[in-house]
Structures are given as C-alpha cells and as structure tokens.
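Beneath this line is the structure, given in structure tokens, with notes to follow.
The values are calculated or read from the model by the stated rules, or taken from the named source; none is laboratory data. The structure displayed is predicted, hence computed values, not measured ones. So basically every Cβ, Gly included, is an ideal-geometry build from the backbone, and we count neighbours across all protein chains shown. Just the protein is used for accessible areas: all its heavy atoms, side chains included, with ligands, DNA and RNA removed. Shrake-Rupley method; radii C 1.70, N 1.55, O 1.52, S 1.80 Å.
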There are 2 protein chains.
Amino acid sequence: MEHRIGLIGCGTVGQGLLGILHEKRDFLRDAFGFEAKVVAITDKIKGTLIAPEGIDIPAVLAVLGQGKGLADYPKATPAQVEPLDPLDMIERTDAGIIAEMTYTDIKTGEPATSYIKKALRLGKHVVTSNKGPAALHYRDIQDLARKNGLQFRFEGAVMSGTPVFHLVECGLAGNTIREVKGILNGTTNFILTRMETEGMDYGPALALAKKLGYAEADPTADVEGFDALAKIVILSNVLLGGALKTTDVPCKGISAITKADVEAAKAAGFRYKLIAHAKNEGGIVTANVSPQKLPLADPLAGVMGAHNALSLETDLMGNVTIQGAGAGKVETGFAILSDILAIHRC
Amino acid sequence: MEHRIGLIGCGTVGQGLLGILHEKRDFLRDAFGFEAKVVAITDKIKGTLIAPEGIDIPAVLAVLGQGKGLADYPKATPAQVEPLDPLDMIERTDAGIIAEMTYTDIKTGEPATSYIKKALRLGKHVVTSNKGPAALHYRDIQDLARKNGLQFRFEGAVMSGTPVFHLVECGLAGNTIREVKGILNGTTNFILTRMETEGMDYGPALALAKKLGYAEADPTADVEGFDALAKIVILSNVLLGGALKTTDVPCKGISAITKADVEAAKAAGFRYKLIAHAKNEGGIVTANVSPQKLPLADPLAGVMGAHNALSLETDLMGNVTIQGAGAGKVETGFAILSDILAIHRC
C-alpha cells in the first residue's frame, strides 16, 4: 500500500526520515508491503515544495545538503515551490499522513499544535517527534483524532525511537501500568556519568557535553529537568491515564549536584541519576523529576552515557525495562517511520 | 470480537492464562473489543473437557485447584469429558485458536510439533509457550502457517512474557537486526548473582536456587546452558534469518565457574553472566552460549537475580535492550494472552 506523506519541518529529523525512506524502500516494500511517496515538504528556513507526483528524495537531500532551499529542487515548477505557511501547505497537499517535526515550544506547544489539529480536521493522520503538543494538549488532540477515525502518534517525543509506546501498545497490551520511572534526558545522564567515571565536577562535565554536542549552548531545558518533565507528563497522561499539566509536576534538575555528592553516593554503593517518575495510586496520578541516588542493582542504575531507559511496573508482567538511544538524527527519523508503519498496519 | 480458544496443557501456565482471561475480561473487552471463550481443554494428567458453549473459568479453576481432574467439572455431560488425545481434541473442537502449553522436549519438539501442525492444517491459529517446536521446526511450521493464512506465535518461548518478538515486530519494524546478546536463563543468572553478592560457591548457590524454586531437581538443562541454547536458536532463526539447528551451536554452561573466578572478575571490574549470543555477518548466522565476563557498563551486566534481558543491535536504532521476568505462572500465561491479542489485532 502506498502512503502519501507531507513533512512539516525538514531539519535534522526530517532529513533523517527522508534518508531512511529512500535507503529502506525495497526492504519496507518486501517486508511489509509498505510504500511511501513524499508529496509535500515545508520548512521555516528551507521553504516549501509541493509535488503530488512524488518528490525525488536523493535530489531533495542533495539540494539541502548543499545548504540550499527547497526552491532549488531541480524538478519543481515555480508554483510548486511558492512559499507557504504550514497551515496552507496542509490544506493544499493531498498527503494522508502529516509528519510534524518542528521545534518544541514547551510553554505553548505552538505552532505545532495548530498544525496537528488542522491536519486531523482535514482527515490526515499525524505523527510527530515534537514533545509540546503531546505534553500540553494530549487529550484534546487525541479526542479530535479519535472522532475523525485517525491516528495521532508521537513515539519520537519520548526516548526518540526507542519504542516505549509501541512496547506498551503491542507487547504489554492487557497489562495495567501502575508506575513508570525513567532516565529520559541524555544530556544530564551523560554529565552525571562523566562526573562519576572521570571524577569531574559539574561545570567541566557540562562543558564537555557542550563540546561533544550532547548539550545545547543554553542547556537550561536539559539540566534543570524541563525536558524530562515534558516527557514524564506525556507518559503520565498516555500510559497512566492522568490529566497532568506541566505545572503540576515538581521538577528539580542536576545543576546543584557536586562532585562530592556523586563521590559520597558512589562510596555508599549508590549512583546519581536524574529520575522522572510517575505513578497511579487509586486513580490519582502524580509525577516528579529529581536527581536520585539509586542502588546499583536498580535496572536504571546501569544506564550510562547519553542512553535513556524506562522502567514500567505492570500488574501481570512485573517490572519491564527498555533501554536505548534518547536522541539522534537517524533514531528520531526512525521514530517517525515507526509511527507511519503503525498506521500502515491498521 | 469473540475468539474461541482451545488449551492443550493445563498446568501452571494454562491455569495462569485462564486466571488472566477471567480476571481481565472486562478490561480486555473495553480496551480492545476482545472477548475470549474457552471451548476446550485437554491435559495429559487432568483429562479433557470440550464445551462449545464456553467453559466457566472460575468453576474449572476451582476443580483443578482441589487437585481434581476435568471430569469433575460440574457442568459437563459425560461425552464432554471423555478422555481424548490432543490430536483428537484439535479435530473435535471448534476453537479458532489453539494455545499449546505442554512441556518442552528439546530433542524432538514432540508431541507439541504434531499438535501445532495438525491445528494449522485444520485452519486454527497456534500460540505456544513451548520452546521445542520453534527451536527445532520453525521454518516448517511457519511455512505451514503462512500457506494457510494463519499465525504461529511463541512469545512465551523466550523470556516468558517479556515481549521480545512483539518489540521487534512493532516498535523496531523497519530495522535490520545484526546481532543479539542475552541473558535468557533465570536459574543461572540467579546462581551467578548469589555467587557474587553473597560470596557463595557454585554448589551452595545451586542448592539455594533449588530450595527457592528457581532450579529444578535435575538442573542440567539450565546450568549446562541447554535452555539458553534452545532460546538463542529461536532468536537466530526468527530475528536474524538463520536456519540453525541446536547441534550447530557451541554451548557451555556455568557448572565449572568457581567462587574464585567470580571474585577475580569482580576485582577487575567485570561480572560473569551466561550469555547467549548470535550474529548475522554477511548472511552467515552463527550463535553460541557461554559464560562471559562483562564490563559493568554493558547493558546486560546490571541484570541481576532471576531476571532475563536481551540486547539487540539494529541498523537504525543502535542498541536496544529489554529486561524483564524470564519465568512465572502469570508472566507466561500473559505471554499466551499477548499472542492471542496480536491475532485479535490483525
């Protein structure tokens, strides 16, 4: 079956997705009967390209790889590369699936939430790697999708492509999840790992994380726990049936942790981790984010470097823990593909 | 949708499954539109019960809980509890799904393989927790299932209900798996854990495992690695596209590991684990089972006690590791349910 796909946002993740769709096209067709035709791309910086006949992926990646915009795509007519707001692109394209991959605004979830709602109202499935809409407007969007018989999927919003939502939906279906506990931010886990294994203090470890590309120039969202906070709100509302807002969740980051704290914990057989935690007790869902000293036997204590992991407490299967990448161009691009494949399966 | 289910084998796992089907019936109906009617049970020791109108699960569990046989099920006519060979039960029942839960014979895979093939020939899906058929006859059975448009599923054969096959099928779909490495036997992991954490020698640790129910009276299959061997053959053939026989796989257990070995490894920053390993290199699939000294940063090094875990090396998602229970009445019963739910979803 052929799926017509429109991309909003064509930075790292979007280009990662395009690369996978192209390189894996034979495999995906043979293994799953899946074929993708990318029919529209719009990006704040790179412009717009609408091509119902299907975009030549190597050609568009070559143009973008040279630092050019979509207007330089060689096969387009001027009308096909006319600048368009994503809201207009959604209206104009015949794509059945919109892949939303713009940057997260964790205060408003906009403009992504507006894009997603418009796509759903126009009968298009939506997949996204953006944390904002799922963290701030999950119920609204999910209700809208359900009402229209469509899917709203966001595997890439938590732990990138490490398949948390798919795991619960397929492998653990039938379980009630009581509690989740995770290492959901790779930057802070990298910093804490280096503080312990190299005996570094917080400042130099953060500087190293920036140098190696694990932390952004302004690391606040990571080190103060806000990124993990958005993710635990999503997990609380999707997996535990909560209705939490980001302002409901106490949040403490790692910037006050010192080398001496880490060493004292280690000497006592513990390891500091930034833990995002949520539980459902008798229908009351609560969550928090804070640095915690874990005993070394905890399944999360062994998660080192920039890896992420999530432990789920279930009624039938007890504790199940999944660990994998928490970021990455290919990984997040794959997260989008995995959601598109889920739509394909239904 | 209502599914008619026939059980072959009604020991621990079968009774676990019945309990879950009954206790979760409202949840399964509301969440997934899934309804199960158990219409036949046959067990070597407990006899046979065929009831197309549906078996009263609490009533049958009460009878079995008292140590009685299926002939004592209060609502049955004599014809319904006439002793039947499972091959005859498969012919007689109108179940659309057969849940095969007899003991594993790892030399022949029989009689389970004959039951499974007969069920598939008669148009019934098959789910099983038995390692034998998948380890010895996977291609044959899978081809037969495919030819008849049916499913053959065996989530419970490896890591009980910890969803390895579901993970690959849903969350990781689109990836090529290059290599898997796992702790697939809970008994040996329990013994190695106690040898390290309590400073026990192999003999006393094995004795403790027997006392606590983690090891059988004859522990050979576990401690010599044969259980892990059957599981890595299944993983090789299902996930890596191999065609391995159990005799192709070098296998060494843990019975020669001493307290001194474990302590020397620990002092050097390593931990002994019984590792089942398989890889696909250029289309050549190889596997082995052996005790290995893992660095503590390895995702498998932190898997303690009777837990199991599997690390998958994928082309798009890098390393993904899943950890959970490797045995248990409820867990393995749930594995069967998870396979039935997968049939329901299709």
Matching residues, region A:281-304, being in contact with a Phe, Trp or Tyr (Cβ under 8 Å, 6 or more places away or on another chain), more than 8 Å from chain B (Cβ to nearest Cβ) and not polar (S, T, N, Q)
A:P291, A:K293, A:L294, A:P295
Quick check: is even one residue across region B:133-144 crowded, with 24+ Cβ neighbours inside 10 Å, away from chain A (no Cβ under 13 Å) and of a type in the set (S, T, Y)?
no
Among (1) in contact (Cβ under 8 Å) with a residue 60 or more places away in the chain; (2) out of contact with any helix residue (DSSP H, G or I) (no Cβ under 9 Å at 6 or more places or on another chain), B:P299 falls short only on (1)
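What helices (runs of 4 or more DSSP H), lying completely within region A:197-285, carry at least 2 residues that are in contact with a Cys (Cβ under 9 Å, 6 or more places away or on another chain), aliphatic (A, V, I, L, M) and modelled with pLDDT of 95 or more? Break it down stepwise before answering.
Numbers: elements: A:202-211, A:220-223, A:226-239, A:259-267.
Fully inside region A:197-285 and qualifying: A:226-239.
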The residue from B:H307, B:H277 that alone is closer than 29 Å to B:A209 by Cα, crowded, with 18+ Cβ neighbours inside 10 Å and more than 14 Å from chain A (Cβ to nearest Cβ) is B:H277
Could you tell me which residue of region B:95-114 is most open to solvent (accessible area, probe 1.4 Å), considering only residues that are of a type outside the set (A, V, I, L, M, F, W, C) and under 19 Å from B:D339 (Cα atoms)?
B:Y103
Taking A:G253 and the conditions (1) away from chain B (no Cβ under 14 Å); (2) at negative phi; (3) surrounded by fewer than 17 Cβ atoms within 10 Å (Cβ to Cβ), which numbered condition does it fall short on, given that it satisfies the others?
(3)
Can you give me the ranges of the strands (runs of 3 or more DSSP E) entirely in region A:95-190 with at least 1 residues that are farther than 25 Å from A:H277 by Cβ and β-branched (V, I, T)?
A:97-100, A:125-128
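Going residue by residue through region A:17-28, is there one that turns out to be away from chain B (no Cβ under 14 Å) and of a type outside the set (A, V, I, L, M, F, W, C)?
Filtering region A:17-28 for residues away from chain B (no Cβ under 14 Å) gives none.
No, the conditions are met nowhere in region A:17-28.
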Among (1) open to solvent by less than 10 Å² (accessible area, probe 1.4 Å); (2) in contact (Cβ under 8 Å) with a residue 60 or more places away in the chain; (3) within 17 Å of A:G156 (Cβ to Cβ), where does A:V126 come up short?
(2)
Those residues that are touching a helix residue (DSSP H, G or I) at 6+ places or on another chain (Cβ under 7 Å) and free of Cβ contacts under 8 Å to residues at least 12 places away in the same chain, I need them from region A:172-212; list them, please.
A:A173
For region B:320-341 the number of residues that are out of contact with any Pro (no Cβ under 7 Å at 6 or more places or on another chain), at the interface with another protein chain (Cβ under 7 Å from one of its Cβ atoms) and either modelled with pLDDT under 95 or open to solvent by 10 Å² or more (accessible area, probe 1.4 Å) (or both) is 3
